[in-house]
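Beneath this line is the structure, given in structure tokens, with notes to follow.
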Amino acid sequence: MSTPFFVAADWLAEHINDPEIQILDARMAPAGQEDLDIAGDYRAGHIPGALFFDIDALSDHTSPLPHMLPRPETFAVAMRELGVSSDKHLVIYDGGNLFSAPRAWWMLRKFGVVNVSILAGGLAEWQRDGLPLEQGEVSAPEGDFTATFDPALIKRLPDVMVASFEGTAQIVDARSAARFNAEADEPRPGLKRGHIPGAFNVPWTDLVINGQLKTTDELQAIFDRAGVAFDKPIIASCGSGVTAAVLMLALETLEVKNVSLYDGSWCEWGSRSDTPVEPA
């Protein structure tokens, strides 16, 4: 593994009955494909014993923005009801492209879970190895989950405005170059094209290979080419706060400090009439 935050499929297969390990299926639909039945896909086949970590269902439903982090108490109750315990080793997977597992990893880490790993290659790698799947729902007894949270780890619109206007932090955008450069429409209707003024572009797909992160040397080179300095504060952004977590995972792998995430991301910035955009 290129990072300690990953485990391999064969390792998980060997430890699948360990009572100190819990497996979480964090598959989710990409933007523009919300009509996909991900819960149905989970029921049709998942890693044995995996609980369904529904990122959308676990988000803040009082916000008009998608996927926003919920209140710590709300998240803790949801985790206990799901059967998740914060003192276990939690292993997360997605479909295999490293799209959504990092968001689940980041949520759990930010709410105080110490031991969280991502399955390298996700469900696709598990299936390539010929390992078994289970169908239907998985129920578990109530978990023991305590949530702690540092609000400084999340940036809001005013924080990002200050960073953009005054250069107090580097804004790093994980969207594709075409979207960043206003050459393609956003997958969500009603959003402007372009990016936050002064932002750097590090497409999340550039950081990923075969469902895990590239080597640390490759990751370092990608951020260097984008002009990102590791000795200055960084705010990760994307379309809706999901793939920004891939940036967070890569930066934590590189042991970069003073990194936070703009949870509203382009869904918020690109929807407002009072936010400047580049290219103008």
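The values are calculated or read from the model by the stated rules, or taken from the named source; none is laboratory data. None of the values given here were measured: they were computed from a predicted structure. Neighbour counts are summed over all protein chains in view; Cβ atoms, including those assigned to glycine, are modelled from backbone coordinates with ideal geometry. What goes into the accessible areas is simple: the full protein's heavy atoms, side chains included, and nothing from ligands, DNA or RNA. Shrake-Rupley method; radii C 1.70, N 1.55, O 1.52, S 1.80 Å.
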Please go through segment 59-116 and pick out each residue that is under 14 Å from Ala245 (Cα atoms) and either in contact with an Asp or Glu (Cβ under 6 Å, 6 or more places away or on another chain) or among the acidic types (Asp, Glu) (or both).
-> Met68, Leu69, Asp94, Ser100, Ala101
Can you run down the residue pairs with Cβ atoms below 9 Å, 6 or more apart or on separate chains, where the first is in segment 89-107 and closer than 18 Å to Phe75 by Cα and the partner is of a type in the set (Lys, Arg) and open to solvent by 10 Å² or more (accessible area, probe 1.4 Å)?
-> Ser100/Arg27; Ala101/Arg27
Condition check for Glu218: in contact with a strand residue (DSSP E or B) (Cβ under 9 Å, 6 or more places away or on another chain), in contact (Cβ under 8 Å) with a residue 24 or more places away in the chain, acidic (Asp, Glu) and open to solvent by 30 Å² or more (accessible area, probe 1.4 Å) | no
For segment 146-166, indicate whether the set of residues that are assigned to a strand (DSSP E or B), within 18 Å of Ser260 (Cβ to Cβ) and open to solvent by less than 70 Å² (accessible area, probe 1.4 Å) is non-empty.
-> yes
State which residue pairs qualify: first residue farther than 27 Å from Gly190 by Cβ and inside segment 64-78, second residue among the small types (Gly, Ala, Ser) in any location, beta carbons under 6 Å apart, and separation of 6 or more residues or different chains.
-> Pro72/Ala147; Phe75/Ala147; Ala76/Ala147
If you scan segment 229-246, which residues turn out to be polar (S, T, N, Q) and in contact with a Phe, Trp or Tyr (Cβ under 7 Å, 6 or more places away or on another chain)?
-> Ser237, Thr243
Would you be able to say whether some residue in segment 10-17 is free of Cβ contacts under 8 Å to residues at least 40 places away in the same chain, surrounded by fewer than 15 Cβ atoms within 10 Å (Cβ to Cβ) and touching a strand residue (DSSP E or B) at 6+ places or on another chain (Cβ under 8 Å)?
-> yes
If we keep just the residues of segment 181-193 that are charged (D, E, K, R) and open to solvent by less than 50 Å² (accessible area, probe 1.4 Å), which is farthest from Ala29 (Cα to Cα)?
-> Glu186
Could you count how many residues in segment 234-280 are in contact with a Leu (Cβ under 6 Å, 6 or more places away or on another chain), more than 22 Å from Gln212 (Cβ to Cβ) and part of a helix (DSSP H, G or I)?
-> 2
Somewhere in segment 134-141, is a residue surrounded by 20 or more Cβ atoms within 10 Å (Cβ to Cβ) and either in contact with a Pro (Cβ under 9 Å, 6 or more places away or on another chain) or modelled with pLDDT of 95 or more (or both)?
-> no
Pull up segment 48-63, narrow it to residues that are small (Gly, Ala, Ser) and open to solvent by less than 20 Å² (accessible area, probe 1.4 Å), then point me to the one that is farthest from Met79 (Cα to Cα).
-> Ala50
For residues that are touching a residue at least 12 places away in the same chain (Cβ under 8 Å) and in a loop (DSSP other than H, G, I, E, B), tally how many sit in segment 34-51.
-> 5
Looking at Ala178, Ala236, Ala174, which is the one that is under 23 Å from Ser271 (Cβ atoms), surrounded by fewer than 16 Cβ atoms within 10 Å (Cβ to Cβ) and at pLDDT 95 or above?
-> Ala178
